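Have a look at the structure below, then the notes.
The values are calculated or read from the model by the stated rules, or taken from the named source; none is laboratory data. Model, not experiment: these values are computed from the prediction. For neighbour counting, all protein chains shown are included, and Cβ atoms are generated from backbone atoms with ideal geometry for every residue, glycine included.
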Amino acid sequence: MNAILDLGQHAGFIWASYGATLILLGGLIAWIRADARHQLRLLDELEAQGVQRRSARAASPQGKRGKGKAER
Amino acid sequence: MVEKPGFFGRLANPSIFLKLSGAVLPWLTGLTVVLMLVGLYLVFFVAPPDYQQGETVKIMYIHVPSAWLAMMGYAIVTVASIGSLIWRHPMADVAAKSALPIGACFTLLALITGSLWGKPMWGTYWVWDARLTSVLILFFLYLGLMALWQAVEEPSRAGRAAAILAIVGSVNLPIIKFSVDWWNTLHQPASITRLDAPAIHSSILIPLLVMAAAFTALFFVLHLTAMRAEVWRRRVQALRLTQVDAARAGEGARA
């Protein structure tokens with residue numbers, strides 16, 4: 001652990017760089033994941049209400065896709 | 001006779017893309033975690049301090065991969081934009097749009113870590129030299145393209161406008177790459193991507209390459225996830241339009 005703690009006189013700049021990376025990339029990962037989950041939930045809700053895309057209706061003559069959940 | 005689509009043709013089908021990316025993502029995420037852990041171990045416990053820069057060389061292990069990905073991200077946006085204009089395929093738009101915030105984030109990271117590296121090594125956080133300025137322009141290009149996507153509501157129109165701007169902006173990529181050769185910059189010239197052997201000792205080069213691989217894997221995990229979210233967003237919009245159409249048709253029938 002000594003190696004990781006003793007980063008010399010410019011340690012503050014090194015930790016600030018890694019800290020900024022952690023915050024920015026962590027935020028980006030959280031935001032993209034949250035967006036994907038949100039969109040999938042909306043899609044599942046709409047499909048549960050029986051709303052279908054035109055292409056899905058055209059593909060099945062009965063007008064039913066037979067899938068309870070959105071494609072993942 | 002109907003020609004069978006090739007690999008990219010099939011991948012351009014949103015349903016097949018969702019299926020394939022869904023299968024690849026868990027493996028790619030696992031690879032990213034492993035590479036990141038190995039990379040950080042090498043950086044903090046194995047890599048020696050630089051003979052001139054001392055421990056501040058540790059900033060390089062995140063600065064250089066971020067800068068590479070900032071440019072790779074824009075290269076992806078450019079190629080997807082060309083694909084979008086030529087084939088008018090919505091998946092090309094999806095790929096270009098989804099790469100923007102990720103590329104912008106890595107560009108900002110390259111700027112921040114470069115600045116934090118510059119202060120102890122150059123004595124200043126920022127200089128208006130060709131390399132730094134052209135990377136700042138790249139960051140603004142990303143922001144401009146994101147703003148354009150937000151400003152135009154109809155996705156296919158937004159896609160065309162953004163694709164044209166992205167292709168025009170791609171002139172900045174060679175300027176960034178060769179700025180250190182064309183102009184007298186405070187930023188050092190290339191040490192790894194040179195025609196002769198890399199000018200870095202393997203004890204520093206290997207951790208750098210592992211971190212670069214980790215960051216690249218993370219980029220693709222994020223890009224694939226963002227693309228999936230965009231496909232779902234467009235389906236949600238399409239379903240809502242169908243809902244509105246159905247409601248209007250119902251009102252029309254009652255009237």
Filter pass, residue B:152 being surrounded by fewer than 16 Cβ atoms within 10 Å (Cβ to Cβ) and β-branched (Val, Ile, Thr) | yes
Got at least one residue in region B:56-70 being out of contact with any helix residue (DSSP H, G or I) (no Cβ under 8 Å at 6 or more places or on another chain) and part of a helix (DSSP H, G or I)?
-> no
Those residues of region B:39-91 which are hydroxyl-bearing (Ser, Thr, Tyr) and without any contact (Cβ under 8 Å) to a residue 12 or more places away in the chain, in sequence order | B:41, B:51
Specify which of the listed residues (B:75, B:95) is closer than 14 Å to residue B:156 by Cα and in a helix (DSSP H, G or I).
-> B:95
Does residue A:46 count as in a helix (DSSP H, G or I), modelled with pLDDT of 95 or more and either facing chain B (nearest Cβ under 7 Å) or surrounded by 12 or more Cβ atoms within 10 Å (Cβ to Cβ) (or both)?
-> no
What number goes with the only condition from (1) at pLDDT below 95; (2) within 10 Å of chain A (Cβ to nearest Cβ); (3) over 30 Å from residue A:12 (Cβ atoms); (4) surrounded by 13 or more Cβ atoms within 10 Å (Cβ to Cβ) that residue B:49 does not pass?
-> (3)
